[in-house]
Amino acid sequence: MDNQPFTFDIALPGGIPSTYSNHITRRLSSMRGQYADEQTYVALLAGGDALLYEVYEEQVPENAGELLHGISIVHPGKVGDEYFMTKGHFHAEIATAEVYYCLAGQGVMVMETPEGVWAVEELRAGKVLYVPPRWAHRSVNTGSEADLVTFFVYPAHAGHDYGSIEKQGFRKLIVEQGGRPAIVDNLRWLPPEQR
């Protein structure tokens, strides 16, 4: 890339940008150990490797000063009572923030610090969410039919740390209870001093 200004369009409500240089797909098989109901997870995986979410990015140099940005699309569905979600991550450069702008659908962002302070914020069309430095984050689609579509932007040198989350997941899970989303404890999550 020759570091020139550029534009692109986002077709709504679908969210796929008119141009992109990187398309990431995450299937059920990439979420092993992330859903609380392991038995249902294994049964669903045996029936097919469902597409859970996609990311479309326009790549820029991964240098301080550049802003990596793109579109995340989390498809609707559940594993047991737990909604489809992204893997979730800290940034490898942990002191970097991220901004999300919800374009379509409904869901939540599950967030936590390394110390276990947590927050869950609503995502709906028109909602902007600021994820501060040091907060891991995961998008969850709580809708039953529509995709959750968000635009994101963060420092291009931030990188991703998926491994910390893969070990035990987030402190809180988003499940369906009585036909509505509910926040419940992740029983396998341990505080830092017990890990």
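Note on Leu67 and Glu115: with the Förster distance fixed at 25 Å, the Cβ-Cβ geometry gives a FRET efficiency of about 0.35. Quick one: grab the alpha carbon gyration tensor of region 82-195, order the square roots of its eigenvalues as a ≥ b ≥ c, and give me rounded if a/c is under 1.5, else prolate or oblate depending on whether a/b is larger than b/c. Note, shape of region 82-195 comes out oblate. Between Lys167, Lys78, Lys87, the Gaussian network model of the chain with springs among Cα atoms under 10 angstrom shows the greatest mean-square fluctuation at Lys167. Here the alpha carbons of region 94-135 define both size measures, Rg and Dmax, at 10.9, 32 Å. Projecting the Cα atoms of Val60, Thr86, Gln106 onto the dipole axis of region 22-194, where Lys and Arg carry +1 and Asp and Glu carry -1 at the beta carbon, places Gln106 farthest toward the positive end. Please build a GNM for the chain, connecting alpha carbons under 10 Å apart, and tell me which residue among Leu148, Leu52, Leu12 fluctuates the most. Of the options given, Leu12 has the highest mean-square fluctuation. A straight Cα-to-Cα reach below 12 Å connects Lys78 with the aspartates and glutamates Asp37, Glu145, Glu176, residues fewer than 8 places away in its own chain not being considered. If you take the square roots of the eigenvalues of the alpha-carbon gyration tensor of region 129-195 and sort them as a ≥ b ≥ c, do you get rounded (a/c under 1.5), prolate (a/b over b/c) or oblate? Oblate, since a/c reaches 1.5 and b/c is not below a/b. On the basis of the beta-carbon distance and an R0 of 30 Å, Asp49 and Leu187 show a calculated FRET efficiency of 0.70. Applying both filters, DSSP loop and at most 15 other Cβ atoms within 10 Å, to the GluC sites (Glu not before Pro) of region 8-105 gives Glu62, Glu66, Glu93.
Every number here is computed from the coordinates shown, using simple stated rules; none is lab data. This is a predicted model, so every value here is computed, not measured. Quick reminder, even Gly has a Cβ in these numbers, built from the backbone with ideal geometry, and neighbours come from all protein chains shown.
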